[in-house]
Structure formats: structure tokens, C-alpha cells
Amino acid sequence: MKIISWNVNGLNAILKKDFSRDIALLEPDVLCLQETRVSNEIGLDHLGFAYHQYSYAEKKGYSGTAIFSKEKPKAARIICPCEPEPTEGRCVTFEYEQFFLVNVYVPNSGSELKRLWFRSHEWDPGFRQYLCELEKKKPVIACGDFNVAHQEIDLANPESNHFSAGFTDEERAGFSLLLQSGFEDIFRKLNPDKPKCYTWWSYRTAARKRNVGWRIDYFLTSPKLRPHIKDAYICQKIEGSDHAPVALEIEFCYSK
């Protein structure tokens with residue numbers, strides 16, 4: 001099974017680009033999208049995804065997440081205990097036979113760090129508790145835009161961004177607590193010292209061409225899944241958004 005996670009920076013906008021071609025090239029079995037910014041369902045049946053679930057923001061043209069799957073999940077839910085009010089559509093969960101899949105778009109702390117307190121005191125603890133509760137039932141894969149570069153290796157200019165949204169001590173500490181709860185940043189586990197592996201680049205300064213970016217899109221996995229994980233990587237050549245898709249390949253052996 002290949003799972004692709006991608007912040008598309010607006011689903012309607014990316015559908016006008018090479019999205020269908022890119023998804024055909026990536027060949028995901030499950031597609032998790034963040035920042036969909038839509039208020040109505042857009043099916044991707046033409047790409048082979050028979051099942052989907054959206055979570056919408058009440059504010060039009062803002063946030064939003066969705067999961068598309070070729071395999072029918074056992075259950076789908078959009079309720080997340082850390083979801084703010086009014087809802088921002090930041091989380092979708094699919095339950096499969098072997099694991100829970102959680103697709104998340106973590107709130108950005110914003111300009112002047114206006115949402116940092118909410119992020120660090122409400123969202124991060126609530127989301128961590130949600131994953132831990134799921135993990136008591138079966139292993140978890142959490143993917144999406146976590147809006148934090150965890151370590152200095154995860155962004156091009158750590159020194160000048162220490163007080164920037166996405167690299168504050170509070171946000172990094174919140175992510176560390178996720179890892180201390182037992183979840184693994186599987187890309188970094190497989191590539192512990194690999195530099196310049198970014199998933200987001202600012203549009204403002206042609207940053208992508210120069211690879212001046214941040215790694216803020218992740219797969220977090222339960223340790224029990226490690227024997228089944230074949231690969232985790234960043235699809236940096238796929239454009240269309242200011243984020244690159246990230247991929248996880250996982251395989252389960254079924255006894256006949």
C-alpha cells in the first residue's frame with residue numbers, strides 16, 4: 001500500500017494544473033490532502049478512488065482536509081477533540097484492518113505568532129491525546145502538514161528563523177512530545193542525517209528553485225508498524241503547490 005500526503009494549497013486551483021497526471025505518476029492507494037479550501041465534495045473516482053471523506057472549515061475558502069482511498073475503510077470520522085470552534089476541518093481519520101490513518105492539517109501559529117498559545121496549549125496536547133487513544137486500539141499512521149520543522153536539519157536557515165512560526169521552541173517541543181509518546185518520524189528514522197530534504201518552499205523568493213525550504217510534512221507511525229514499512233520519501237519533483245507530496249509505502253502479509 002502506498003499512501004501519499006499532500007498539502008495542495010487549494011484543491012480547485014491544483015485541479016486546473018497537472019494534478020491528475022501527477023497522481024497517476026505517484027500511483028497512491030490512499031491520498032491524504034490538506035488545505036483543500038473547498039466547501040463541497042469533489043470526487044476523484046476518475047483516478048480510481050472509490051471512497052472519500054472530507055472535513056470542511058466553516059470559514060469559506062479556508063483549511064480543510066480529505067482522504068481518498070481505493071480500499072474501503074472500516075470506518076471514517078471527522079471528529080477530533082482538538083478541533084477549534086468554529087470548526088476548521090483539520091482532521092480526517094480512516095480505520096483500516098491493520099491501522100488507523102489520521103490525516104491532519106495542524107494550525108499555523110501565524111504572523112506575530114498570534115495562534116501560538118492555542119497551538120501549544122490546546123491543539124498539540126489534544127491531538128497527541130487523540131493519537132494515543134487510537135493507538136490503544138490498533139497502530140496509527142498520522143500524516144499531513146504539521147506546520148513545524150522539528151530539528152535544525154529540517155529547514156535551510158534555522159538561525160534566522162528561531163522565532164518564526166513553525167520553528168519556535170514551543171512548537172518544536174510539542175512535536176517532540178509526540179515522538180516521546182512513542183510515534184516515529186519515519187522519514188527521519190530512515191534518513192537520520194540526510195540534509196536538504198524539504199517539503200515546503202515560500203513562493204516569495206523563488207525558494208524552491210534554490211531549495212531553501214522547510215520539512216513540515218510528515219508521516220508519524222506506531223513502532224509496531226516498523227516491520228511493515230518499506231519506504232518513506234519526499235516527492236520533490238512534483239510541483240503544483242508550495243508543498244511537495246510525501247509518501248509512505250507499507251506492506252502487510254496476509255495468510256491464506
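Remarks
- Note on segment 37-177: Cα-Cα pairs beyond 19 Å make up 55% of the total pair count.
- Judged by a Cβ-Cβ distance under 4.7 Å, the unpaired cysteines of the chain are 32, 82, 132, 143, 197, 235, 253.
- Cut-off 12 Å between beta-carbons: net charge of the residues surrounding residue 194, Lys and Arg +1, Asp and Glu -1: +2
- Within the chain, longest stretch clear of exposed GluC sites (Glu not before Pro) (DSSP loop, no more than 11 other Cβ within 10 Å): 98-250
- For segment 111-256, lysine pairs separated by 8 or more sequence positions, or belonging to different chains, with Cα-Cα distances below 29 Å total 28.
- Translational D in µm²/s for segment 2-250 (Stokes-Einstein at 25 °C, 0.890 mPa s, Kirkwood Rh from C-alpha pairs): 136
- One Cα centroid belongs to segment 74-114, the other to segment 1-59; the line between them spans 16 Å.
- Reachable aspartates and glutamates from residue 17, criterion Cα separation under 14 angstrom, eight or more residues apart if same chain: 239, 242
- Segment 1-93: trypsin sites (Lys or Arg not before Pro) falling in loop per DSSP and having at most 15 other Cβ within 10 Å: 16, 17, 59, 60, 70, 74
- For segment 2-250, the relative contact order comes to 19 percent (Cα pairs under 8 Å, sequence separation of at least 6).
Values in this text are rule-based calculations from the coordinates and carry no lab data. Note that the structure is predicted; figures quoted are calculated from it, not measured. Every residue, glycine as well, gets a Cβ built from its backbone with ideal geometry; the counts of neighbours run over all protein chains shown.
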